[in-house]
Amino acid sequence: MRFTGKNKVLEISLLSIWLLTGCSASTSDIGVYLAEDIQSNYGYCPTIEVDVVGVTEAEEKRLIAYDVDRYFAPDSQFRQNLGAVTLKFSENDMSSKFIPDDARCWEHWKDKGSKYIAVISNLPLIVDGKDSAVDPRKLIINMNDGFLIDSSVHYIEVGGSGIIELKRPPAVEKQTEIK
């Protein structure tokens, strides 16, 4: 943007609008749900951890190639350093989890320049073979063209065949809000 100085008020107004729209970052609501097929696939509801985390471009590239079992290993520095929100599901707590747009995690993710939301689960695999790049236990959501500017709601379902994004939330009896 080039300024001529002839109309300073207009130029300052345009610069302000450009800065506010170009640098603003909003957040999303994220709902994570267990699919109805979990119990039928495993015969019970296994204890499942689901990490939801804002990731930068570099972290996204690394995460694509990263093995999920290695990611959930107790000594995983990569997992610890990402700053994920860990959601836990079990036979005793199968309620859906909801991360609202005003949860504390969003500030951390915005501050580090996250452009994607990654959802990773330690769901036991029931298919043969693992390719880290196409592991169904990982879902990466592009939050558009830089920073977390997608202000929509995302509905994530964890099921026997992996993690998928839904268009609408499933009907749920109980939902736990994560702050």
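The values are calculated or read from the model by the stated rules, or taken from the named source; none is laboratory data. As the structure is a prediction and not an experimental result, all values here were calculated from the model. Backbone-built Cβ (ideal geometry, glycine too); neighbour counts: all protein chains shown. Just the protein is used for accessible areas: all its heavy atoms, side chains included, with ligands, DNA and RNA removed. Shrake-Rupley method; radii C 1.70, N 1.55, O 1.52, S 1.80 Å.
Which one is least open to solvent (accessible area, probe 1.4 Å) among residues in the range 154-177 that are modelled with pLDDT under 90 and among the β-branched types (V, I, T)? Among those that are modelled with pLDDT under 90 and among the β-branched types (V, I, T), it is T176. From the list K88, K110, K97, the lone residue that is assigned to a strand (DSSP E or B) and either among the small types (G, A, S) or open to solvent by 20 Å² or more (accessible area, probe 1.4 Å) (or both) is K88.
Quick grid of which residues meet (1) modelled with pLDDT of 95 or more; (2) in contact with a Lys or Arg (Cβ under 9 Å, 6 or more places away or on another chain):
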{"residue": "Q39", "(1), (2)": "no, no"}
{"residue": "T47", "(1), (2)": "no, yes"}
{"residue": "E59", "(1), (2)": "yes, yes"}
{"residue": "V68", "(1), (2)": "no, yes"}
{"residue": "S90", "(1), (2)": "no, no"}
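Among the residues that make up the range 113-120, is at least one of them surrounded by 14 or more Cβ atoms within 10 Å (Cβ to Cβ), touching a helix residue (DSSP H, G or I) at 6+ places or on another chain (Cβ under 8 Å) and part of a helix (DSSP H, G or I)? Scanning the range 113-120, I find no residue that is surrounded by 14 or more Cβ atoms within 10 Å (Cβ to Cβ), touching a helix residue (DSSP H, G or I) at 6+ places or on another chain (Cβ under 8 Å) and part of a helix (DSSP H, G or I), so the answer is no. Do we find that A65 is in contact with a helix residue (DSSP H, G or I) (Cβ under 9 Å, 6 or more places away or on another chain), more than 18 Å from T176 (Cα to Cα), among the small types (G, A, S) and surrounded by fewer than 16 Cβ atoms within 10 Å (Cβ to Cβ) in this structure? The answer is yes for A65. If you filter the range 70-85 down to residues that are charged (D, E, K, R) and without any contact (Cβ under 8 Å) to a residue 12 or more places away in the chain, you find that the one that is least open to solvent (accessible area, probe 1.4 Å) is D75.
Evaluate the following for Q39: is it under 15 Å from A118 (Cβ atoms), in a helix (DSSP H, G or I) and of a type outside the set (G, A, S)? When the stated conditions are applied, Q39 does not pass them.
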